[in-house]
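Here is the structure we will look at, set down as structure tokens.
The values are calculated or read from the model by the stated rules, or taken from the named source; none is laboratory data. Predicted model only: the values in this text are computed from it and were never measured. Here Cβ is always computed from backbone atoms with ideal geometry, including for glycine, and neighbour counts include all displayed protein chains.
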Amino acid sequence: MAISSATLTPLKPDVAALPSLHSKSKYHPHLDGLRAVAILGILFEHLDLPLPVMLRCGPLSVRFFFVLTGYFITLSLWRVRGEIADTGSGSMPLARYYLARLMRTGPPFYLSLLLGALFGIEEVRTNFFWLATFQANNYIAWLGYWPDAISHYWSLAVQEQFYFLWPLVVLTLPKRWFLSTMAAFIVFGLGFRIYCILEDSTTLMRWVTLLGCIDSFAVGALVAYLGQTQVLHRMWQSKKLLFAMPLIACSCFFLGRALMTLPEDNVWLALTETIDAIFLAWLLAAALTGMNERYARLLSWTPLVYLGKISYGIYVYHVFIIILVSPLLVPYGLSEDHNAWGRIAVLLALTFAVSSLSWHWLEQPFLAWKTAMASGRKRVAEQAREIPYAAQTY
């Protein structure tokens, strides 16, 4: 679904009004620390760690990755829009965007599928087409139940669908409509979940489809907009807001956990993701602008940052490691019923080791290629800006 340069050309007059089209997002190591906390929440959920209900944060952790994706992809697409404005070409910057996304997520994703098939995981072999084409979420919604071995692919499918479709929003939306459009997406996501509950659709229909998740991505995009327009900075300068925001956010965290305990046919359950989004928006905004120095240092702890860097690999590989290795541990007295903590420790260690190898030997080479491609793109954009406006081709 490529967007031609002709489609994008009319946006030229409004491009200058968009926030920081050429600016590169600053690296915050404590964001990787937050990624680490989120991926640990997912791991503890899937390893059945005996945690209190109020501290079981697997679903919340997945939503955090959605919010983070919405934030970074929106910033990335604003830079693409700036390149289009500079070069007058819509096809090449957009093609590079899609290629960059595929280079970041594709190698571990497809390697995991190949390994799953090679090691005899039947659900991978049977449903390889659905998985390889990033349709696992829609397939699971159609099934109406969780296929355990491949269930984690649903969120990767949602993110890939978002990567594919979001340019249609960001590259064609005038600035004056951005806030209202993001608000509309947030309301739509809530409305879709309410509709699913009222119509007695399966829980998975409202949970795993892009329509039920779109508000989380929109919240991340909203944070990107507020950050680039300096609104977040001004909010953190207000003493009243600085005091009120953490209280509201933490209240939303515990309210969201309480809502998760409601019966599946209770319409208030649809509010869970919306309430969680308020907490996650504050968490991301605080990390970007005003996080307490003590917490920032804690989240910037080197092992935690490293765990955040390899978090994508951890998510992709961990379910297969649990499925394949757990039976091998039983003869050594390590099972869910006997020495469960020893079993968890072994599985975590193997997951971290495999993900680390993937990061250094698979993901980083592709990231280096992506960086080199981005550097070449920047030089082209700088050369284009040196051409007189009247001489540019559209």
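So here's what we get for this one:
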read-out: Subset of the stretch 253-268 [part of a helix (DSSP H, G or I) and closer than 19 Å to W207 by Cα]; value: F253, L255, G256, R257, A258, L259, V267, W268
read-out: Residues satisfying the stated conditions in the stretch 326-373, i.e. surrounded by 15 or more Cβ atoms within 10 Å (Cβ to Cβ), under 23 Å from the mean Cα position of the chain (by Cα) and at pLDDT below 90; value: F366, L367, K370
read-out: Residue match in the stretch 160-183 (condition: closer than 22 Å to E264 by Cβ, at pLDDT 95 or above and hydrophobic (A, V, I, L, M, F, W, C)); value: no
read-out: Of residues in the stretch 209-228 being among the hydroxyl-bearing types (S, T, Y) and under 17 Å from P59 (Cβ atoms), the one surrounded by the most Cβ atoms within 10 Å (Cβ to Cβ); value: S216
read-out: Condition check for L204: closer than 27 Å to I322 by Cβ, over 21 Å from the mean Cα position of the chain (by Cα) and not in a loop (DSSP other than H, G, I, E, B); value: no
read-out: Members of the stretch 200-223 that are among the polar types (S, T, N, Q) and touching a residue at least 12 places away in the same chain (Cβ under 8 Å); value: T202, T203, T209, S216
read-out: The stretch 48-69 residues that are assigned to a helix (DSSP H, G or I), paired with ones that are among the β-branched types (V, I, T) and surrounded by 13 or more Cβ atoms within 10 Å (Cβ to Cβ) (beta carbon under 6 Å, 6 or more apart); value: G58/I42; S61/I42; V67/V219
read-out: 1 or more residues within 16 Å of Y110 (Cα to Cα) and among the acidic types (D, E): qualifying helices (runs of 4 or more DSSP H) within the stretch 131-201; value: 153-170
read-out: Residue in the stretch 178-199 that is among the acidic types (D, E) and touching a residue at least 24 places away in the same chain (Cβ under 8 Å) present; value: no
read-out: Candidate set from the stretch 163-177 (those that are within 20 Å of the chain's Cα centre (by Cα) and not β-branched (V, I, T)); member that is surrounded by the most Cβ atoms within 10 Å (Cβ to Cβ); value: P167
read-out: Close pairs (6 angstrom Cβ cut-off, 6 or more residues apart or separate chains): within 18 Å of P303 (Cα to Cα) in the stretch 338-354, of a type in the set (F, W, Y) and assigned to a helix (DSSP H, G or I) anywhere; value: V354/Y317
read-out: Selection from the stretch 245-285 of residues that are touching a Gly at 6+ places or on another chain (Cβ under 9 Å), in contact (Cβ under 8 Å) with a residue 24 or more places away in the chain and under 12 Å from V219 (Cβ atoms); value: E273, T274, D276, A277, I278, F279, L280, A281, L284, A285
read-out: Candidates L190, L204, L232, L283, filtered to the one that is surrounded by 15 or more Cβ atoms within 10 Å (Cβ to Cβ) and modelled with pLDDT of 95 or more; value: L190
read-out: Some residue of the stretch 375-388 being of a type in the set (G, A, S), surrounded by fewer than 16 Cβ atoms within 10 Å (Cβ to Cβ), part of a helix (DSSP H, G or I) and at pLDDT below 65; value: yes
read-out: Identity of the residue in the stretch 280-314, among the hydroxyl-bearing types (S, T, Y) and assigned to a helix (DSSP H, G or I), that ends up farthest from D32 (Cα to Cα); value: T289
read-out: Qualifying positions in the stretch 109-130 - within 21 Å of the chain's Cα centre (by Cα) and either farther than 17 Å from L324 by Cβ or basic (K, R) (or both); value: F109, Y110, W130
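Residue-by-condition table, conditions (1) surrounded by 17 or more Cβ atoms within 10 Å (Cβ to Cβ); (2) at pLDDT below 90; (3) closer than 24 Å to W341 by Cβ:
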residue	(1), (2), (3)
G41	yes, no, yes
F44	yes, no, yes
L49	no, yes, yes
L60	yes, no, yes
F64	yes, no, no
T74	yes, no, no
E83	yes, yes, no
T87	yes, yes, no
M92	no, yes, no
